[in-house]
Amino acid sequence: MRILKYIFSVLVLGAVLWSCGSSPIKKSTEKEEAVVISNDSLEYEIIIIDVGFNYFLNSVALPRGYYSQKYLENQNQIMVANWNFRVGNPQQYNPNLYWNSIEYFPNIDYGYEVNYMLFNYFIFAQKKYKINLRGNRSNRIN
């Protein structure tokens, strides 16, 4: 299966930053499994390995159907572009957080579930890591 490069993981620095700072995301003492969402008909997959995402998805994220697929696609295009810009600029942005680019093409219909999960990961990451992926390119390394 061709895997869409939506593989996120908590790196040592990310885990340290999260554990040292206050966060609106509740910390879980349970061991979390990776969240795997796939679109079998298109052979795309999202794998998210980030402590707290399961909790966020099940208790904080707005339910499936709240947003239209078009809205999710539009938001994902913006946030993917900002994410990939940061991946390409490791001198300006933390390379321990932005270490892999995301292949997301507006002409491909990934389906509702893939778009929903990617969107919610971005919302989760913005809260957890105190970043903004919706427009400006802030959060530079000083």
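The values are calculated or read from the model by the stated rules, or taken from the named source; none is laboratory data. Predicted model only: the values in this text are computed from it and were never measured. Note that each Cβ is placed from the backbone with ideal geometry, even for glycine, and that neighbours are counted across all protein chains shown.
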Just checking, does the stretch 131-139 include any residue being among the hydroxyl-bearing types (Ser, Thr, Tyr) and in contact with a Leu (Cβ under 9 Å, 6 or more places away or on another chain)?
no
Exactly one of Asn89, Asn100, Asn96, Asn107 is of a type in the set (S, T, N, Q) and under 16 Å from Asn74 (Cβ atoms), and that one is Asn107
Is at least one residue of the stretch 125-139 part of a helix (DSSP H, G or I) and of a type in the set (S, T, N, Q)?
yes
Within the stretch 68-100, how many residues turn out to be more than 19 Å from Tyr116 (Cα to Cα), surrounded by 20 or more Cβ atoms within 10 Å (Cβ to Cβ) and free of Cβ contacts under 8 Å to residues at least 40 places away in the same chain?
1
Looking at the stretch 60-69, can you tell me whether even one residue there is touching a Lys or Arg at 6+ places or on another chain (Cβ under 9 Å) and modelled with pLDDT of 90 or more?
yes
